[in-house]
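Just dropping this structure here.
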Amino acid sequence: MQQFSYLKRYYAPASTGNFSVGFDLLGAAFEPVNGELFGDVLDICAEQTELSLDIVGRYLHQLPANSTDNLVLSCFYAFEQKLGRTLPRLALRLHKNLPVGSGLGSSACSIVVACYAFNDYFGKPLSEAELLQLMAQAEGGVSGSVHYDNVAPSYFGGLQLMLPQSPHICRTLPWFEHWRVVLSYPGTVLSTKAARAVLPQQLSLPHSIAFAGMLSRFISALYTSDEADAAAALQDLVAEPARTPLIPQLPSLRAALMAEGVLHVGISGAGPTLFALCSNEAQAQLAADYLSRHYEKNQDATTQICRLSLAGARTL
């Protein structure tokens, strides 16, 4: 990464919402095993008379040309309004390392790193719960509905289960440490709003019971360390049937990789990124090579072999 002058530097990792079996209720943060920063970095460069934002990074070209129309600045003003007092203006620099509309929590990542940075820089006036709620509200403005399955893991790290109507908001779940997740972005944009628009507005009673049962099975398997049952429970009964026409290559890619022993292939968040769950490094390398070859013609495409990111948002 190119080096710049800064006062403080912050990072938030990429995230996968839903994790197939937990529509709007599960989210996981991931980081490449090679140590690359696969997430957004925000530098606070100086205090000055006016708020400013400079944007750099691989996916700069996917953002609006006018940097004043950016989530980082929106988060500053929302954070300031939440505090109820005027804050010193800052010179900021965003390293946009995640593609937009990718299913990797790109907007959530910018929101999380910004809110985390402002709260840390100004002496942590907001509690974790208050900050998480602020993040989710900002994310809701992008996706069309307030949900926590990207902001929570990007903020806290790990695999997070959302807890509706609970004051805890979310809870960290167990994980199999040897699992690897290959995240493969094809280089095309699919907005969360568009992906949500195709979803069914209602589920039948049998469908609802099946969804709840499969999510329960997955969580139970994690707590009992039953790897085979956890992998078998990774079935998307809500979003995938409606979204597969938007990602028509999914069935064939899943069949090819699972024939090689890959545990599961699903849609990361709203897509178009796919994730391949692998039981070891060799299997992950096989999946990464296969997916990289499939998407190699698009210059924006990227495939990363990842582990669970336990740290979440942090100071670098």
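The values are calculated or read from the model by the stated rules, or taken from the named source; none is laboratory data. As the structure is a computational prediction, the values presented were derived from the model and not from experiment. Methodologically, a virtual Cβ is constructed for each residue, glycine included, from the backbone with ideal geometry; neighbour enumeration extends over all protein chains shown.
Which count do you get for residues in segment 79-97 that are touching a Cys at 6+ places or on another chain (Cβ under 8 Å) and either outside the structural domain of D54 (by TED's automatic domain parsing) or assigned to a helix (DSSP H, G or I) (or both)?
Counting residues in segment 79-97 that are touching a Cys at 6+ places or on another chain (Cβ under 8 Å) and either outside the structural domain of D54 (by TED's automatic domain parsing) or assigned to a helix (DSSP H, G or I) (or both) gives 1.
Let me spell it out: the conditions are (1) in contact with a Ser or Thr (Cβ under 8 Å, 6 or more places away or on another chain); (2) surrounded by fewer than 23 Cβ atoms within 10 Å (Cβ to Cβ), and L83 meets all of them except one. Which number is the exception?
Checking L83 against (1) in contact with a Ser or Thr (Cβ under 8 Å, 6 or more places away or on another chain); (2) surrounded by fewer than 23 Cβ atoms within 10 Å (Cβ to Cβ), the one that fails is (1).
Which pairs have Cβ atoms under 6 Å, sit 6 or more apart or on different chains, and link a residue in segment 239-260 that is in the same structural domain as K193 (by TED's automatic domain parsing) and surrounded by 15 or more Cβ atoms within 10 Å (Cβ to Cβ) to one that is among the aromatic types (F, W, Y) and not in a helix (DSSP H, G or I)?
These pairs meet every condition: A239/F23.
Among the residues of segment 126-182 satisfying the criterion of being β-branched (V, I, T) and in contact with a Ser or Thr (Cβ under 7 Å, 6 or more places away or on another chain), which is farthest from Q283 (Cα to Cα)?
Among residues in segment 126-182 that are β-branched (V, I, T) and in contact with a Ser or Thr (Cβ under 7 Å, 6 or more places away or on another chain), the one farthest from Q283 (Cα to Cα) is V142.
Name, by its number, the condition in (1) under 27 Å from S74 (Cα atoms); (2) hydrophobic (A, V, I, L, M, F, W, C); (3) out of contact with any Cys (no Cβ under 6 Å at 6 or more places or on another chain) that does not hold for A138.
A138 satisfies every listed condition except (3).
Please find, within segment 52-68, the residue that is surrounded by the most Cβ atoms within 10 Å (Cβ to Cβ) out of those that are of a type in the set (G, A, S) and in a loop (DSSP other than H, G, I, E, B).
Among those that are of a type in the set (G, A, S) and in a loop (DSSP other than H, G, I, E, B), it is G57.
Regarding G213, is this residue in a loop (DSSP other than H, G, I, E, B) and not acidic (D, E)?
In short, no.
Here are some conditions: (1) buried (at least 18 other Cβ atoms within 10 Å of the Cβ); (2) among the hydrophobic types (A, V, I, L, M, F, W, C); (3) more than 20 Å from the chain's Cα centre (by Cα). L234 meets all but one. Which one does it not meet?
If we test L234 against (1) buried (at least 18 other Cβ atoms within 10 Å of the Cβ); (2) among the hydrophobic types (A, V, I, L, M, F, W, C); (3) more than 20 Å from the chain's Cα centre (by Cα), just (3) comes out false.
Another one. Considering only residues of segment 11-34 that are in a strand (DSSP E or B) and touching an Asp or Glu at 6+ places or on another chain (Cβ under 7 Å), which is surrounded by the most Cβ atoms within 10 Å (Cβ to Cβ)?
Here the residue is A12.
In segment 176-213, what residues are at pLDDT 95 or above and β-branched (V, I, T)?
Across segment 176-213, the qualifying residues are V181, V182, I209.
Yes or no: A221 over 19 Å from F30 (Cβ atoms), crowded, with 16+ Cβ neighbours inside 10 Å and free of Cβ contacts under 8 Å to residues at least 24 places away in the same chain?
Spelling it out, A221 is indeed over 19 Å from F30 (Cβ atoms), crowded, with 16+ Cβ neighbours inside 10 Å and free of Cβ contacts under 8 Å to residues at least 24 places away in the same chain.
Taking T49 as the residue in question, decide whether it is free of Cβ contacts under 8 Å to residues at least 40 places away in the same chain and surrounded by fewer than 24 Cβ atoms within 10 Å (Cβ to Cβ).
Criteria not met by T49.
Any idea which of V72, V33, V100 is among the hydrophobic types (A, V, I, L, M, F, W, C) and in contact with a Phe, Trp or Tyr (Cβ under 7 Å, 6 or more places away or on another chain)?
Among V72, V33, V100, only V100 is among the hydrophobic types (A, V, I, L, M, F, W, C) and in contact with a Phe, Trp or Tyr (Cβ under 7 Å, 6 or more places away or on another chain).
Is it the case that segment 197-218 has a residue that's outside the structural domain of F19 (by TED's automatic domain parsing), within 21 Å of the chain's Cα centre (by Cα) and without any contact (Cβ under 8 Å) to a residue 24 or more places away in the chain?
yes
Is it the case, given these coordinates, that C109 is out of contact with any Ser or Thr (no Cβ under 8 Å at 6 or more places or on another chain), assigned to a helix (DSSP H, G or I) and within 25 Å of L25 (Cα to Cα)?
Here the answer is no, as C109 does not meet what is asked.
Before we move on, is L71 farther than 29 Å from T192 by Cα, surrounded by 18 or more Cβ atoms within 10 Å (Cβ to Cβ) and hydrophobic (A, V, I, L, M, F, W, C)?
It is false that L71 is farther than 29 Å from T192 by Cα, surrounded by 18 or more Cβ atoms within 10 Å (Cβ to Cβ) and hydrophobic (A, V, I, L, M, F, W, C).
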